[in-house]
Amino acid sequence: MTQARSIPVSLGARSYEVRVGAGLLAEVGLLTAGKARGRTAFLVSDSNLPPSTVALALDSLAKAGFAVHTRSIRAVEAEKSLDTAARLLTDIASCRLDRLDPIIALGGGIVGDVAGFVAAIYRRGVPVIQCPTTLLSMVDASVGGKTGVNLATGTELRKNLVGAFHQPALVIADIATLGSLPEREFRAGLAECVKHGVIAGSAGDLLAWTERSIPGILGRDPGTLIELVERNVHLKAGIVAADEREDDAKDQRALLNLGHTFGHAIETLPGLSPDADPRHAPLHHGEAVALGLVAAAQCAEHLGLGEPGSADRLVGILGRIGLPVRVSGLPGSAEVLGAMRHDKKVLGGRLRLVLPTSEGVRIVEDPPEESVRAGLDAIRA
Ligand SMILES: NC(=O)c1ccc[n+]([C@@H]2O[C@H](COP(=O)([O-])OP(=O)(O)OC[C@H]3O[C@@H](n4cnc5c(N)ncnc54)[C@H](O)[C@@H]3O)[C@@H](O)[C@H]2O)c1
């Protein structure tokens, strides 16, 4: 087995470690026993996981002496809901979990967010062990303690509107679970890795390393994947440690929204697809983030803040990964700008963009519309 790595997330009394390795699910029982004193465990899994992946975790928990209960949920945004959370809470209460008993989340960001939220509110907080099974959740969603569900208001599904900060007791990222992850989901997760590389900027060589490692990453070489997850978790852990709760005064965690104001607006537009084939619509979140990164870089260049050529460099990297860098059917800029003004990061109707500048990634308040339009024009096919 390739050597497992451990990355600390330093948050005082809420500190924890992120374990990254190949084959770690077989150790989930012992690792959980080291972090939670209870003897009953409740595992929430993703219904799309191969049964063998779930069995590995269940066996390991049973061997470590836990009485194990389990439920699976469907990883679709409509099921990331208060109804699903309520059903899980009822099941958990029926299994008589007490305050010390752990909830284990085995799945992508949807399972992690719902199970984490349930762990945050059941008995006002029980330990949660995050076991991410998508690349996105390994490098992003499972680390940092944001949990929550979507809320349907009328016809609108408002993402992550209800939630709580609840740091996990431990994160176990077993890259062997990525073996069954569909290619499109895998590539979508890489958009967040490129985003992290841009945020790291000249302070590290994350972007250059990612660029160099594209063949090994896409070939899913275990050693390269472990290093990819380790490097990205390290970047995210540093930001979370500096700004645990997305504090306006600290404005650190907000930097993780790079590309997301453009991305969220594009993601909500119906009918867009990564390759102009309507059968592949809608865009996945990571695909919209890839487009958002290019738009943000071009917007920064237009403002005279970005390093000349930075947008082209991103187009090169994202294109080699197989992520979209242009999209056909994008509506007029006025419509997209309208959608951007609806983004939750907008304060008082004024746009607030996270942009890559030559001095690092920073927040730009109320950028001129023509620069935002220049960003959007860069991604029109
Ligand atoms: N809490 C946070 O900080 C945070 C950060 C980013 C995103 N998120 C949330 O994460 C969610 C997206 O997460 P995601 O991209 O991991 O997607 P996901 O959880 O929707 O999973 C994507 C798809 O892959 C399937 N899947 C997952 N693991 C698999 C595996 N190993 N093999 C086969 N299929 C597998 C799922 O069933 C689903 O169909 C969104 O709801 C988003 O809001 C949360």
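Cβ separations smaller than 8 Å between residues 6+ apart or across chains give the following pairs from segment 42-55 residues that are touching a residue at least 24 places away in the same chain (Cβ under 8 Å) and over 16 Å from THR84 (Cα atoms) to residues that are in a helix (DSSP H, G or I) and within 11 Å of the ligand (Cβ to nearest atom): LEU49/THR177; LEU49/SER180; PRO50/SER180; THR53/LEU25; THR53/THR177; THR53/SER180. A search for C-beta distances below 9 Å between a residue of segment 200-215 that is buried (at least 16 other Cβ atoms within 10 Å of the Cβ) and any residue that is part of a helix (DSSP H, G or I) and of a type in the set (Ser, Thr, Tyr), counting only pairs 6+ apart in sequence or on different chains, returns SER213/THR224. Taking the criterion of being in a helix (DSSP H, G or I), touching a residue at least 24 places away in the same chain (Cβ under 8 Å) and surrounded by fewer than 19 Cβ atoms within 10 Å (Cβ to Cβ), the only residue of segment 235-252 that qualifies is ALA241. Take the conditions (1) farther than 22 Å from SER371 by Cβ; (2) part of a loop (DSSP other than H, G, I, E, B); GLY286 misses just one of them, which is (2).
A Cβ distance below 9 Å, combined with a sequence gap of six or more or placement on separate chains, defines the contacts here; from segment 283-309, residues that are without any contact (Cβ under 8 Å) to a residue 40 or more places away in the chain and buried (at least 24 other Cβ atoms within 10 Å of the Cβ) reach residues that are part of a helix (DSSP H, G or I) and aromatic (Phe, Trp, Tyr) in the pairs ALA288/PHE262; GLY292/PHE262. For residues in segment 119-135 being of a type in the set (Gly, Ala, Ser) and either in contact with a strand residue (DSSP E or B) (Cβ under 6 Å, 6 or more places away or on another chain) or buried (at least 24 other Cβ atoms within 10 Å of the Cβ) (or both), which is farthest from GLU183 (Cα to Cα)? Result: ALA120.
Those strands (runs of 3 or more DSSP E) of segment 126-197 in which at least 3 residues are closer than 24 Å to SER6 by Cα, considering only elements entirely within it, cover 128-132, 170-174. Given the options GLY163, GLY189, GLY144, GLY148, name the one that is within 12 Å of the chain's Cα centre (by Cα), surrounded by 16 or more Cβ atoms within 10 Å (Cβ to Cβ) and closer than 28 Å to GLY12 by Cα. Answer to the selection: GLY144.
Confirm whether ILE121 is closer than 29 Å to LEU225 by Cβ, more than 12 Å from the ligand (Cβ to nearest atom) and aliphatic (A, V, I, L, M). In short, no.
Considering segment 331-354, and only residues there that are assigned to a helix (DSSP H, G or I), out of contact with any Leu (no Cβ under 7 Å at 6 or more places or on another chain) and not aliphatic (A, V, I, L, M), the residue that is modelled with the lowest pLDDT turns out to be GLY338.
Looking only at residues of segment 253-280 that are among the aliphatic types (A, V, I, L, M) and more than 16 Å from the ligand (Cβ to nearest atom), we find that the one that is surrounded by the fewest Cβ atoms within 10 Å (Cβ to Cβ) is ALA276. Looking across segment 147-189 at every residue that is among the β-branched types (Val, Ile, Thr), touching a strand residue (DSSP E or B) at 6+ places or on another chain (Cβ under 6 Å) and farther than 21 Å from GLU27 by Cβ, the one that is farthest from the ligand (Cβ to nearest atom) is identified as VAL162. Figure legend. Inter-residue proximity from segment 355-371: first residues outside any loop (DSSP other than H, G, I, E, B), second residues among the polar types (S, T, N, Q), beta-carbon distance below 7 Å, spacing 6+ or different chains. Indicated pairs: PRO356/SER310.
Scanning segment 218-231 for residues that are more than 18 Å from the chain's Cα centre (by Cα) and surrounded by 15 or more Cβ atoms within 10 Å (Cβ to Cβ) yields a total of 5.
Output yes when any residue across segment 48-61 is β-branched (Val, Ile, Thr) and over 26 Å from PRO182 (Cβ atoms), and no when none is. Looking through segment 48-61, none of the residues is β-branched (Val, Ile, Thr) and over 26 Å from PRO182 (Cβ atoms). Is it the case that segment 357-380 has a residue that's touching a helix residue (DSSP H, G or I) at 6+ places or on another chain (Cβ under 8 Å), under 23 Å from PHE186 (Cβ atoms) and not basic (Lys, Arg)? For segment 357-380, residues touching a helix residue (DSSP H, G or I) at 6+ places or on another chain (Cβ under 8 Å), under 23 Å from PHE186 (Cβ atoms) and not basic (Lys, Arg): present.
The values are calculated or read from the model by the stated rules, or taken from the named source; none is laboratory data. Just so it is clear, the structure is predicted and the values come from calculations on it, not from any experiment. When we count neighbours, we look across all protein chains shown, and the Cβ atoms used for this are built from the backbone with ideal geometry, even at glycine.
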